[in-house]
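Beneath this line is the structure, given in structure tokens, with notes to follow.
The values are calculated or read from the model by the stated rules, or taken from the named source; none is laboratory data. If you're wondering where the values come from, they're calculated on a predicted model, not measured in any experiment. A quick note on method: Cβ atoms are made from the backbone with ideal geometry, for glycine too, and the neighbour counts reach across all protein chains shown.
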């Protein structure tokens with residue numbers, strides 16, 4: 001089980017410092033660079049408005065912006 005958790009951590013860490021679009025419940029959307037991410041998919045995004053915290057339970061989809 002601990003090995004599985006470590007693999008998940010690696011997958012989530014690959015998104016750090018990437019510019020993303022996050023689709024949220026209720027039809028909302030947010031964009032920014034991921035500054036921090038945890039195992040619950042809680043995010044801290046940096047965008048033109050400063051820092052924004054996004055709870056993982058509200059995330060529907062994350063897409064990388066190239």
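Observations on the structure shown:
- Figure legend. Inter-residue proximity from the range 1-23: first residues more than 14 Å from residue 36 (Cβ to Cβ), second residues assigned to a helix (DSSP H, G or I) and at pLDDT 85 or above, beta-carbon distance below 7 Å, spacing 6+ or different chains. No pairs are indicated.
- Output for the range 54-66, where each listed residue is exposed (fewer than 12 other Cβ atoms within 10 Å of the Cβ) and in a strand (DSSP E or B): 61, 63, 64
- Across the range 21-39, the qualifying residues are those that are over 19 Å from residue 66 (Cβ atoms) and touching a helix residue (DSSP H, G or I) at 6+ places or on another chain (Cβ under 9 Å), and the one among them that is surrounded by the fewest Cβ atoms within 10 Å (Cβ to Cβ) is 26.
- If you go through the range 18-66 and pick out every residue that is on the phi > 0 side of the Ramachandran plot and within 10 Å of the chain's Cα centre (by Cα), you end up with 2.
- Test: residue in the range 41-53 that is in a loop (DSSP other than H, G, I, E, B) and surrounded by 13 or more Cβ atoms within 10 Å (Cβ to Cβ): yes
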